[in-house]
1. Restricted to the stretch A:67-95, and to residues that are touching a residue at least 60 places away in the same chain (Cβ under 8 Å) and within 15 Å of DNA strand C (Cβ to nearest atom), which residue is farthest from A:ALA19 (Cα to Cα)?
2. Of all residues in the stretch A:49-61, which are under 19 Å from B:VAL16 (Cβ atoms) and either open to solvent by less than 40 Å² (accessible area, probe 1.4 Å) or at pLDDT 90 or above (or both)?
3. Take the conditions open to solvent by 10 Å² or more (accessible area, probe 1.4 Å), more than 12 Å from chain A (Cβ to nearest Cβ) and away from DNA strand D (no atom under 13 Å from the Cβ) and apply them to B:GLU64. Does it pass?
4. Step by step: first the residues of the stretch B:33-65, then only those that are of a type in the set (A, V, I, L, M, F, W, C) and in a helix (DSSP H, G or I), then the one that is nearest to B:VAL97 (Cα to Cα). Which residue is that?
5. A:TYR85 is checked against (1) modelled with pLDDT under 95; (2) crowded, with 17+ Cβ neighbours inside 10 Å; (3) not in a loop (DSSP other than H, G, I, E, B) and fails just one. What number does that condition carry?
6. Tally up the residues in the stretch A:21-41 that are open to solvent by 10 Å² or more (accessible area, probe 1.4 Å), within 14 Å of DNA strand D (Cβ to nearest atom) and among the aliphatic types (A, V, I, L, M), please.
7. Of all residues in the stretch B:34-53, count the ones that are more than 16 Å from B:LEU70 (Cα to Cα) and in contact with a Gly (Cβ under 6 Å, 6 or more places away or on another chain).
8. Please specify each residue of the stretch B:67-88 satisfying the condition of being within 15 Å of DNA strand D (Cβ to nearest atom) and more than 11 Å from chain A (Cβ to nearest Cβ).
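The values are calculated or read from the model by the stated rules, or taken from the named source; none is laboratory data. Just so we're clear, the structure is a prediction, and the values are computed from it rather than from any experiment. Backbone-built Cβ (ideal geometry, glycine too); neighbour counts: all protein chains shown. Ligands, DNA and RNA are excluded from the accessible area calculation, which covers all protein heavy atoms including side chains. Shrake-Rupley method; radii C 1.70, N 1.55, O 1.52, S 1.80 Å.
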2 protein chains.
Amino acid sequence: MPRMRHRRLDCSPGCVVEATLSLIDGKWKGVVLYHLLDGTLRFNELRRRLPNVTQRMLTNQLRELETDGLIARKVYAQVPPKVEYSLTARGRSLQPVMAALKAWGDAHIALESNPPAVVPERPDAPSRLLDAARVGAV
Amino acid sequence: MPRMRHRRLDCSPGCVVEATLSLIDGKWKGVVLYHLLDGTLRFNELRRRLPNVTQRMLTNQLRELETDGLIARKVYAQVPPKVEYSLTARGRSLQPVMAALKAWGDAHIALESNPPAVVPERPDAPSRLLDAARVGAV
DNA sequence: CAGTATCCTATTAGATACTG
DNA sequence: CAGTATCTAATAGGATACTG
């Protein structure tokens, strides 16, 4: 596994919490991991699900997640290129953490600005409609 | 409750995860919350438990946590001043999140660099010696 | 004791343009 | 399609000095 890159450690017992956080902070990693919990996604599929992230940022975040051993990057040697991202076992093991974060958010965050009309939540509920509606297809 | 200040939202379902993360990111909040789970602490007690945080940063982080309604700040009108920080109900409700983060870290992070030789952990163990050594008494 | 105030640096993130 | 490269703006974080 490549060089891990978590935050400078403190290190009291709470340090472990910090170190774990450092792997999933950075503005987009949480969402990326969250979406990959649904399954493998290609670069632009991810992009479509994160309408506000720039290409550069998404690439960066993916690279860091990869460095941290949380996601796997599979490149298909073909034209046009195809790159798939998926969780590693280590990445999937974060599922309880993500679940805890999501549960807390659902219970405690008003989501005042953005109406939660979205909430597909079920893994089998295809949110493709959303995507289509938002980007007007590709 | 004062103006909430979480990260700019996205907002897909994973957004809730992001929003929750945004409340506990920022390099020291995790540890602060973690320590406050043990009970109320005064400003300098917290400082002693976070040997690497600057006064300014600790103040900032505490203010943000307060703004987000996660901790309460109680000022005693006396000289010398005394300020106590404790978790609010909302803050305590983060306990499962912290637990999940800690559990993951314990299971997956080597803690390669820093030996956990420190671990005073017990609230009654005075680490005053540390302070004395560092600042040459007050 | 528990902060503020300043100043300064480093890290993050965004926009935009280009490419194998 | 899935990126790089470059440049710049914003933010986070640190050092130091001062204060009610």
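1. Result: A:THR67.
2. Those that are under 19 Å from B:VAL16 (Cβ atoms) and either open to solvent by less than 40 Å² (accessible area, probe 1.4 Å) or at pLDDT 90 or above (or both): A:ARG49, A:LEU50, A:VAL53, A:GLN61.
3. It is false that B:GLU64 is open to solvent by 10 Å² or more (accessible area, probe 1.4 Å), more than 12 Å from chain A (Cβ to nearest Cβ) and away from DNA strand D (no atom under 13 Å from the Cβ).
4. B:LEU33
5. A:TYR85 satisfies every listed condition except (1).
6. Qualifying residue count, the stretch A:21-41: 1.
7. So the count comes out to 0.
8. Hits for the stretch B:67-88 are B:THR67, B:ARG73, B:VAL75, B:TYR76, B:ALA77, B:GLN78, B:VAL79, B:PRO80, B:PRO81, B:LYS82, B:VAL83, B:GLU84.
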